[in-house]
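The structure under discussion appears below in the form of structure tokens.
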């Protein structure tokens, strides 16, 4: 959960960077390589360790939830496949970056059994290239503590896991309690998400936090992709009205903060913060 203190800390950092920029105190460094060279340099440690980029997303469900999986692939990735097990070179991006991911589509009969197979030594090459796992399930048919113990040894530290509940009888409070417990165990994102297809317009809670597919998209958006291409920030008058509501500004800050924390390279992180500051300063 993004607290007001976190938002305030980011605002202070942005303000300092912007003040330095306006005062002309930020030292201009000579850039000896291109943007592509920079991306290659930043991903080299991961490439040396894993041999392949960490750009795979596993999407799996029980056979009884195949229709949910098909709908999620369509809504989230604009992927209309109903039979393919691998969909390569799916573009994922936003106004800040673009990247290509491969979707590995699978099913399970018994989820704990699937996880036990996934954490076997033979599957280590696959685990090393998996950026995220999206599991579609019914929370009433699982034992969260059992899954918790299994997942503790299942994933790379830079891998996100989303357990998407499709049972609409499960209240959001129950999901929140599970996430509070799990967040104290994992340093990476391992999160339960309620997907209420009958109420698609409910995309935020009373605190402004995203729910459902919007939360899934936010997690993927803010993941620390190593193989992404940064995009120049361009705005138009129609896209950026000067009277942006404060709630929207705070939402933008929350998203920017998550992306900032995931960036490993300090210079790129500072550049990103400066760009966000320039953009948001138009509304402050």
>> If packing is taken as the average count of other Cβ atoms within 10 Å, what order do 140-150, 55-65 fall into, highest mean first?
In response: 55-65, 140-150
> How far is it, in nm, from the label point at residue 94 to the one at residue 67 when both lie 7 Å from their Cα along the line to the Cβ?
Replying inline: 3.2 nm
>> Using only the Cα atoms of the stretch 51-221, what are the Rg and Dmax in Å?
In response: 15.3, 45
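Over all directions, how big on average is the projection of the convex hull of the alpha-carbon atoms in the stretch 165-227, in square nanometres?
5.1 nm²
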>> For the stretch 128-183, take every pair of Cα atoms, bin their distances at 10 Å starting from 0, and report each bin as a whole percent.
In response: 20, 56, 22, 2
>> Restricting the calculation to Cα positions, tell me the Rg (one decimal) and the Dmax (whole number) of the stretch 50-137 in Å.
In response: 13.5, 40
> For the pair residue 74 and residue 186, how long in nm is the line joining their label points, each one 7 Å along Cα→Cβ?
Replying inline: 2.8 nm
> Quick one: 102, 89, fewest Cβ neighbours within 10 Å first, how do they rank?
Replying inline: 89, 102
> Full extension from residue 207 to residue 145: what is 0.36 nm times the residue separation minus their Cα-Cα distance, to one decimal in nm?
Replying inline: 19.6 nm
>> Sort 269-279, 103-113 by the packing proxy (mean of other Cβ within 10 Å over each peptide's residues), most packed first.
In response: 269-279, 103-113
> For residue 173 and residue 267, what does the FRET efficiency come to when R0 = 25 Å and r is the distance between their Cβ atoms, rounded to the nearest 0.05?
Replying inline: 0.05
> What is the gain in length, in nm to one decimal, between residue 113 and residue 214 on full extension, counting 0.36 nm per residue of separation less the C-alpha to C-alpha distance?
Replying inline: 33.4 nm
> For the stretch 150-175 and the stretch 101-134, what is the separation of their Cα centres, given in Å?
Replying inline: 14 Å
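Just so you know, all these numbers are worked out from the coordinates, no wet-lab data involved. Predicted model, so just to flag it, every value in this text is computed and none were measured. We place every Cβ from the backbone using ideal geometry, glycine too, and count neighbours over all the protein chains shown.
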